[in-house]
1. For the chain, give me the percentage of DSSP beta bridges that are antiparallel, rounded to the nearest 5 percent.
2. Between 22, 146, 91, where does the largest GNM mean-square fluctuation fall for the chain, given springs only between Cα atoms within less than 10 Å?
3. Using the number of other C-beta atoms within 10 angstrom as an exposure proxy, rank 27, 48 with the fewest first.
4. Sequence gap at least 6, Cα distance under 8 Å: using those rules, report the relative contact order of the chain to the nearest whole percent.
5. Given the options 92, 81, 138, which has the most mean-square fluctuation in a GNM of the chain, springs set between C-alpha atoms less than 10 angstrom apart?
6. List the trypsin sites (Lys or Arg not before Pro) in segment 95-185 that DSSP assigns to loop (not H, G, I, E or B) and whose Cβ has at most 14 other Cβ atoms within 10 Å. Which are they?
7. What is the helix-to-structure angle for 171-185, meaning the angle in degrees between its Cα long axis and the longest Cα principal axis of the chain, kept from 0 to 90 and rounded to the nearest 10?
8. For the Cα atoms of the chain, what angle does the longest principal axis make with the long axis of helix 92-104, in degrees from 0 to 90, nearest 10?
Amino acid sequence: MLIDNEDKNLVEKKISSEPVFDGVLLHVRRDEVELPNGNKSVREWIQHPGASAIIPLLPDNQIILVRQFRYPVGQVTLEVPAGKLDKVGEDPIECAKRELSEETGYTAGKYWKLTTIATTVGFTNEYIHLYAATDLTPGKIHPDSDEFINVVKLPLTAALQMVESGKIFDAKSAVSILLLAKQVFHKK
């Protein structure tokens, strides 16, 4: 994204950068920056490879979600199928197709992009590319060996209510459901 002239007074400049932790998925960095007023500060942030998510829509306006335990929040969540980009330069739609197949068993005849979101701009550079899919063909799920998933079908209207009530609180899932519902229920 380009920075407008009116926002140039907000930009911080990196002075130095050091790795704090290099994990399998996440890489924590500590950067020293020069603030717009000339003072210095530290920014700790997580470098992430990016991800894709996909919301499958059946002809009867049901969607397919997955339930799984999420360790950081200590609970089972209801989410759209998603996963990280596995290699540098991987096409996000290919990642979405892979995750749809792995986590739900379905393949689709039609895919389209909903949007791209930045998950938590205060401490990570993660972007998630959000897609929708129709013309679905069922198959057998084949999740990664460390994934335990239950596949759930529910009406898009029920999912919307679950977003509004906070029962679906995962950001990528909430955004996907809201954007898909707008397209399905507000066609012109």
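1. Of the beta bridges lying entirely in the chain, close to 85 percent run antiparallel.
2. Most flexible of the set in this elastic network: 146.
3. The fewest-first ordering by Cβ neighbours comes to 27, 48.
4. It comes to 21 percent, rounded to a whole number.
5. Per the Cα network of the chain with a 10 Å cutoff, 138 tops the list.
6. Sparse-neighbourhood loop trypsin sites (Lys or Arg not before Pro): 140, 167.
7. 50 degrees
8. Taking Cα atoms only, the helix is inclined about 50 degrees.
Every number here is computed from the coordinates shown, using simple stated rules; none is lab data. This is a predicted model, so every value here is computed, not measured. Reconstructed Cβ throughout: ideal geometry from the backbone, glycine too, with neighbour counts over all protein chains shown.
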